[in-house]
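The values are calculated or read from the model by the stated rules, or taken from the named source; none is laboratory data. Only a predicted model underlies this, so the values are computations on that prediction, with no experimental measurement involved. Counting neighbours? That spans all protein chains shown, and the Cβs are built from the backbone with ideal geometry, glycine included. Accessible surface is based on the protein model in full, side chains and every heavy atom, while ligands, DNA and RNA are left aside. Shrake-Rupley method; radii C 1.70, N 1.55, O 1.52, S 1.80 Å.
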Amino acid sequence: MTSGRPIRLATLSLLSLLLPYLANAADIDAAALIGGLKRELPARTAYTEVRFSHMYDHALIARGELEYLGPGQLGKRVDSPYQETTTIVDGEVTLQRGKRKPRQISLERVPELEGFLRGFSALLGGDVAAVQRDFELTSSGDTSQWRLRLAPRDPRLKKRIDAIEVDGSADSARCFSILDADDDASIMLVEGLATATLPEPLTRRKVESACRGGVAAQ
């Protein structure tokens, strides 16, 4: 009877040769992923935003709708707990809360918003070149659960924003997280997670877990 040892050794040798290729096959292709995130204009999504800040003893929650109108153009409407509309066009931010007179400021004065606009516009525009121009791009996971991390190249933005992280599955994003340089964070749950029941007690760890696991927060 022929020993199975030579066969096992041959199989192990073959697997050792294939392992690097199998590992690479499991990694997400960032360029292909960004191309799959491209949306037709206007692109709209409901959102729930949870803000964690050292300035407050509890998380701040806002709900509303995002509207992407093309490169450099973004609308953000807050429906609760107050009414507010933010519109960005050509580097100018128009902010209107309730029935108050609209205010206009330069986008350069709001680095966090500028960084989000750059990343959000490039991702929904499927513009890989723009992402790589403005951010150091890394990716992890596979098509069932992936994450993109965009670290700003602009020294001015880096002083305020550590990174933008995007979690999703297949060709849909679930969360956009703005990680501030001082370790504060704003996590925006979109699409399927926009109406998720938030956990109690509301902690950053639990919200991030919902984003990364793709399940409704409990």
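Scoring S80 on the criteria (1) in contact with a Pro (Cβ under 7 Å, 6 or more places away or on another chain); (2) within 24 Å of A210 (Cβ to Cβ) leaves a single failure, condition (1). Residues in the range 197-218 that are within 25 Å of D142 (Cα to Cα) and open to solvent by 10 Å² or more (accessible area, probe 1.4 Å): R204, R205, K206, E208, S209, R212, G213, G214, V215, A216, Q218. Residues in the range 40-91 that are open to solvent by 30 Å² or more (accessible area, probe 1.4 Å), without any contact (Cβ under 8 Å) to a residue 60 or more places away in the chain and of a type in the set (V, I, T): T85, T87, V89.
Scanning the range 173-191 for residues that are in contact (Cβ under 8 Å) with a residue 40 or more places away in the chain and either in a strand (DSSP E or B) or among the hydrophobic types (A, V, I, L, M, F, W, C) (or both) yields A173, R174, F176, I178, D180, A185, S186, I187, M188, L189, V190. Go through the residues of the range 200-214 one by one and say whether even a single one is at pLDDT below 90, in contact with a strand residue (DSSP E or B) (Cβ under 7 Å, 6 or more places away or on another chain), outside any helix (DSSP H, G or I) and under 26 Å from A31 (Cα atoms). For the range 200-214, residues at pLDDT below 90, in contact with a strand residue (DSSP E or B) (Cβ under 7 Å, 6 or more places away or on another chain), outside any helix (DSSP H, G or I) and under 26 Å from A31 (Cα atoms): present. Among the residues of the range 55-86, those that are of a type in the set (A, V, I, L, M, F, W, C) and not in a strand (DSSP E or B) comprise M55, A59. Among the residues of the range 107-165, the ones that are assigned to a loop (DSSP other than H, G, I, E, B), under 22 Å from A181 (Cβ atoms) and touching a residue at least 40 places away in the same chain (Cβ under 8 Å) come to 2 in all. Just one of the listed residues (F116, F135) is modelled with pLDDT under 90 and aromatic (F, W, Y), and it is F116. Would you say A130 is among the aliphatic types (A, V, I, L, M) and either open to solvent by 70 Å² or more (accessible area, probe 1.4 Å) or at pLDDT 90 or above (or both)? No. The set of residues from the range 170-180 being open to solvent by 30 Å² or more (accessible area, probe 1.4 Å) and at pLDDT 90 or above comprises just one member, R174.
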